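See structure below.
The values are calculated or read from the model by the stated rules, or taken from the named source; none is laboratory data. None of the values given here were measured: they were computed from a predicted structure. When we count neighbours, we look across all protein chains shown, and the Cβ atoms used for this are built from the backbone with ideal geometry, even at glycine.
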Amino acid sequence: MTFAQPALSFILLGFIHMVYCQWQIWDIWQTTWDQKMLLAYSQPNPAPINFVTPGPIGSADIVIDDTAVYQTIYGFGAALTDSSAQLLYNLKTQNSGSYWSLMDYLFNATDGANSAGFSFIRVPLGATDFSARNYSYDDVSGDTPLYDFNIGAAPSYVFTVLRDILSINNMLRVYVLPWSPPGWMKESGTMDGGSLNTAYISVMANYLLKSLQGFQSEGIPVYAIGIQNEPENSNPTYPTCSMPVSTEADIGIALRTYMNGNGFGDTKIIGYEHNWADAANYPVQLMQQAASSFDGVSFHCYAGSVSDQAEFTSQYPNKEVYFTECSGTIGTDWWTDIKWYMDNLFIGSLAYGSSTGLMWNLALDGNGNPKLSGTSSCNPPCRGVVQINSNGTWSVNQEFYAMGQASKAILPRDVGGPWGQRIGVSVGGELNWALVVGAYVTKRVSPTDWNRYSIVVLNW
């Protein structure tokens, strides 16, 4: 496909059908810098647009290699923190119609629907910096058998909102992990900062198993569990825990055994869950110590660069990679943010092996609240994917449109069908610097149906 230099900057998603030896673009979703088009659907006029093979080299020339097939993409989404769930639940009680319209716009993954089709949610186990209070699922000091473990310590609205999402999108993958073990398991005696007392490694593994069982009892199937959010962060103003590689490895080994023996053999364990900058060290060492227990690792955006993911994938190419957290900041430029997100996360991170692209809070108010009292995190304030206002209205932010563009490319074409896979793509021509491109194939349930080929194009 040849692009001349356009008059308007845009992100474009094209759905391509293969007709004999010719590719044709039939469906387009666009978001433009001036916000005149926001995840807007159109068809080419006249339809379709033909790929020319071979074709003349234009200002920029996109070359797709469908013989190079890489990882499956499981989707995009954000974290359902306590704060996000609280705001969404309050909206439901205040204006049920508005709530369900929002939830459909976020999570309806029906092919062709006017929605983003988010399909991956990250849920904290216990309190975070975006909770109304500090709590774990067992705050009874010394309760090593975990007799007092109670999934009901979490606000009930977390599970209410999760069940509502599942009622819209039953393909949703739920990933859970703690920001801190219970305070009594830690050297510091508090959930805020400090590190785990290694005498409690097996107890912590059992705590995580009970968390899976608790979610199951609430009707929430869990796709994957993590050991510790940001194990190299010990901020003392909210639940955090510094965790050496050896400790995370030991917990993972014990947890895998517990899970295999209790009906969770298919649930994945994801390690690391921290910044790109240490990709060559912590996650690599974790695999050296416990590769058989961990299915893969996950990354955050707050230090390093997306290319650092290659430091891990080059050594463990058969392990899964997830991108699971980056936060928008209130007051930043709309289009500058979208360009960065696409370049680094929703095209870029996938190009470096990720199977997901997630933001931080799914929903916050216009001031980046509510937050845990006294926390120093998110300064300047974090922005949610959605802004929910006290008067029962809502709006979606730039994170929604960036992820929505990418999500459209990989959702299953058929009910129960396969997810999109990344395929090879390159950009030539004198203006190749101006385009960032991801390419994907979504296969079909019936071998007689055409595969869908999708390209996501960012024009700088």
With respect to Ser390, is the statement that it is over 17 Å from Cys326 (Cα atoms), part of a loop (DSSP other than H, G, I, E, B) and free of Cβ contacts under 8 Å to residues at least 40 places away in the same chain true? yes
Give me the residue from the range 432-453 that is crowded, with 20+ Cβ neighbours inside 10 Å and within 20 Å of Met171 (Cα to Cα) and, out of that set, nearest to the chain's Cα centre (by Cα). Tyr440
Across (1) under 24 Å from Met359 (Cβ atoms); (2) buried (at least 20 other Cβ atoms within 10 Å of the Cβ), Asp295 clears everything bar (2)
Any idea which of Tyr89, Tyr105, Tyr74 is surrounded by fewer than 22 Cβ atoms within 10 Å (Cβ to Cβ), of a type in the set (Phe, Trp, Tyr), closer than 29 Å to Ala409 by Cβ and touching a residue at least 24 places away in the same chain (Cβ under 8 Å)? Tyr105
Sort through Asn95, Asn45 and tell me the only one that's surrounded by fewer than 21 Cβ atoms within 10 Å (Cβ to Cβ), more than 29 Å from Ala351 (Cα to Cα) and assigned by TED's automatic domain parsing to the domain that holds Val437. Asn45
Out of (1) assigned to a loop (DSSP other than H, G, I, E, B); (2) surrounded by fewer than 21 Cβ atoms within 10 Å (Cβ to Cβ), the odd one out for Val69 is which? (1)
Name every residue in the range 205-221 that is more than 24 Å from Thr247 (Cα to Cα) and surrounded by fewer than 19 Cβ atoms within 10 Å (Cβ to Cβ), in order of residue number. Gln216, Ser217, Glu218, Gly219, Pro221
In this structure, is Thr237 farther than 16 Å from Phe149 by Cβ, among the hydroxyl-bearing types (Ser, Thr, Tyr) and part of a loop (DSSP other than H, G, I, E, B)? yes
Restrict the check to the range 411-431 and report whether at least one residue is modelled with pLDDT of 95 or more, of a type in the set (Val, Ile, Thr), surrounded by fewer than 17 Cβ atoms within 10 Å (Cβ to Cβ) and part of a loop (DSSP other than H, G, I, E, B). no
Residues that are modelled with pLDDT of 95 or more, in a strand (DSSP E or B) and either closer than 20 Å to Ile269 by Cα or assigned by TED's automatic domain parsing to the domain that holds Gln30 (or both): does the range 302-320 have at least one? yes
Across the range 125-151, what is the total count of residues that are crowded, with 24+ Cβ neighbours inside 10 Å and not in a loop (DSSP other than H, G, I, E, B)? 1
Condition first: under 21 Å from the mean Cα position of the chain (by Cα) and not in a strand (DSSP E or B). Now tell me which residues in the range 268-281 satisfy that. Trp276, Ala277, Asp278, Ala279
Identify, by number, the condition in (1) within 30 Å of Pro370 (Cα to Cα); (2) over 28 Å from the mean Cα position of the chain (by Cα) that Tyr99 doesn't meet. (2)
What are the residues in the range 354-376 that are hydroxyl-bearing (Ser, Thr, Tyr) and surrounded by 17 or more Cβ atoms within 10 Å (Cβ to Cβ), if any? Ser354, Ser355, Thr356, Thr375
Looking for something part of a loop (DSSP other than H, G, I, E, B) and among the polar types (S, T, N, Q) - is there at least one such residue anywhere in the range 435-446? yes
Tell me the residue from Thr128, Thr72, Thr144, Thr110 that is on the phi < 0 side of the Ramachandran plot and over 25 Å from the mean Cα position of the chain (by Cα), please. Thr144
State yes or no: is Ser246 over 23 Å from Asp139 (Cβ atoms) and either assigned to a helix (DSSP H, G or I) or of a type outside the set (Asp, Glu) (or both)? yes
Quick one: Ala199 ticks every box in (1) in contact (Cβ under 8 Å) with a residue 24 or more places away in the chain; (2) hydrophobic (A, V, I, L, M, F, W, C); (3) part of a helix (DSSP H, G or I) bar one, so which box is it? (1)
Which of (1) farther than 26 Å from Thr81 by Cβ; (2) touching a strand residue (DSSP E or B) at 6+ places or on another chain (Cβ under 6 Å) does Val385 not meet, given it meets every other one? (1)
When you go through Gly366, Gly357, Gly374, Gly331 one by one, which is the residue that is in a loop (DSSP other than H, G, I, E, B) and touching a strand residue (DSSP E or B) at 6+ places or on another chain (Cβ under 7 Å)? Gly366
Name every residue in the range 429-451 that is touching a residue at least 40 places away in the same chain (Cβ under 8 Å) and among the polar types (S, T, N, Q), in order of residue number. Asn432, Asn451
